[in-house]
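Just so it is clear, none of the values below were taken in a lab; they were calculated from the coordinates. Because the structure is a prediction, the values reported are computed rather than measured. Positions of Cβ are generated from backbone atoms using ideal geometry, with glycine treated the same way; all protein chains shown enter the neighbour counts.
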Amino acid sequence: MTDEEMRYPIGKFVAPVSYTEQDMRHWIHDIATLPGRVREAIISLTYEQLDTQYRTGGWSLRQVVHHLADSHMNSLCRFKLALTEDNPTIKPYEEAAWAIQPDYRLPVEPSIKMLEGIHQHMVALFESFTEDQWDRTFIHPESGSVTSLKKNLAIYAWHSNHHLAHLTETVKRLKG
């Protein structure tokens with residue numbers, strides 16, 4: 001894949017027109033299985049190989065794994081805020097600034113463990129949601145957009161597979 005193809009290896013997120021029960025089960029499955037799929041993708045890499053960028057100017061594989069944990073931790077908070085408050089305004093964060101913090105130099109295992117726990121919480125919530133809960137919303141302050149929890153599920157299933165593809169495609173190149 002070229003650098004440009006690696007930017008969005010599975011394509012950009014496109015919001016679904018409708019949210020079928022089958023789609024939602026598929027997205028929940030993608031989220032439930034992400035930690036294991038991340039572990040499987042990078043298990044054979046050395047500490048040094050984890051510092052490989054997935055594309056020129058992109059994050060290292062290590063940063064991608066740490067970002068997944070941070071991003072999905074924030075997502076879990078957004079789901080819970082929307083469940084417990086009426087259309088709350090969420091707190092955005094500067095992903096690029098987080099990615100250069102000292103904890104992003106750690107081995108990836110702590111972030112995979114975080115993903116395991118975060119995703120267990122997410123799936124437990126998702127499997128208990130009523131249709132009314134899936135329709136609850138939050139506001140993103142930068143765009144002003146109102147996002148339903150079912151749309152956020154689709155976004156984070158895509159986000160999971162998007163970054164997993166960064167890992168798997170780069171590992172293919174390294175092992176090539």
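Think of the stretch 24-64 as having a plus end and a minus end, set by charges on the Cβ of Lys, Arg, Asp and Glu; of V38, L50, L61, V38 sits farthest toward the positive end of this dipole.
Quick check on the chain: what are the equivalent-ellipsoid semi-axes from the Cα gyration tensor, as sqrt(5λ), descending, whole Å?
On the way: eigenvalues 160, 56, 50 Å².
Equivalent-ellipsoid dimensions as semi-axes: 28, 17, 16 Å.
Simple point charges give the picture: +1 on the Cβ of Lys and Arg, -1 on the Cβ of Asp and Glu, and for the stretch 75-138 a dipole about the Cα centre of about 240 debye.
Please report the net charge: other residues with Cβ closer than 15 Å to the Cβ of H66, K and R +1, D and E -1.
On the way: positive: R39, R62, R105, K113; negative: D51, D70, E94, E95, D103, E109, E116.
Once positives and negatives cancel, what remains is -3.
Using the Cα centre as the reference, give the magnitude of the dipole from point charges on the C-beta atoms of the chain (Lys, Arg: +1; Asp, Glu: -1; all else neutral), rounded to the nearest 20 debye. Don't jump to the answer; show the numbers that get you there.
On the way: 18 positive and 23 negative charges, 72 e Å.
My answer is approximately 340 debye.
Net charge in the neighbourhood of Y47 (other residues with Cβ under 14 Å of its Cβ; Lys, Arg +1, Asp, Glu -1) is -1. When the label point is put 7 Å from the Cα of T52 along its Cα-to-beta-carbon vector, which residues of the stretch 155-176 have a backbone N closer than 17 Å? Within reach of a label on T52, which here means backbone N under 17 Å from a point 7 Å along Cα→Cβ, the stretch 155-176 contributes 163-176. For the chain, the longest principal axis of the C-alpha atoms and the axis of helix 149-175 are separated by about 10°. Within the stretch 77-176, none of the trypsin sites (Lys or Arg not before Pro) combine a DSSP coil assignment with at most 16 other C-beta atoms in a 10 angstrom radius.
Among rounded, prolate and oblate, which fits the stretch 72-143 when a ≥ b ≥ c are the square roots of the eigenvalues of its C-alpha gyration tensor, a/c under 1.5 means rounded, and a/b larger than b/c means prolate? Don't skip to the answer; put the middle values down first.
Details: a/c = 4.13, a/b = 1.44, b/c = 2.87.
It comes out oblate by the Cα gyration axes.
Under a Cβ-only charge scheme (Lys and Arg +1, Asp and Glu -1), can you give me the dipole magnitude of the stretch 34-98 about the Cα centre, in debye to the nearest 20?
On the way: 7 positive and 8 negative charges, 31 e Å.
Computed charge dipole of the stretch 34-98: roughly 160 debye.
Among the chymotrypsin sites (Phe, Trp or Tyr not before Pro) in the stretch 90-158, those placed in a DSSP loop whose Cβ has at most 12 other Cβ atoms within 10 Å are Y93.
When Y8, Y47 are sorted by how many other C-beta atoms sit within 10 angstrom of their C-beta, beginning with the fewest, the order is Y47, Y8. Checked against a 23 Å cut-off, the cross-linked pairs K151/K172; K113/K151; K12/K151; K91/K150; K12/K172; K113/K175 give Cα-Cα distances beyond that limit for K151/K172; K113/K151; K113/K175.
For the stretch 45-120, applying the loop criterion from DSSP together with a ceiling of 13 other beta carbons within 10 Å to the GluC sites (Glu not before Pro) yields E48, E85, E94.
How many angstrom separate the Cα center of the stretch 92-119 from the Cα center of the stretch 1-80? With the stretch 92-119 and the stretch 1-80 each reduced to a Cα centre, they are spaced 12 Å. Shown is the FRET efficiency for M73 and M1, computed with R0 = 22 Å from the Cβ-Cβ distance and rounded to the nearest 0.05: 0.15.
Dividing the Cα convex hull volume of the stretch 18-86 by residue count, how many Å³ per residue is that?
Working: hull volume 9.5 nm³, N = 69.
Expressed per residue, the convex hull around the Cα atoms of the stretch 18-86 is 138 Å³.
Other residues with beta-carbon under 15 Å from the beta-carbon of Q133 carry, at +1 per Lys or Arg and -1 per Asp or Glu, a net charge of -2.
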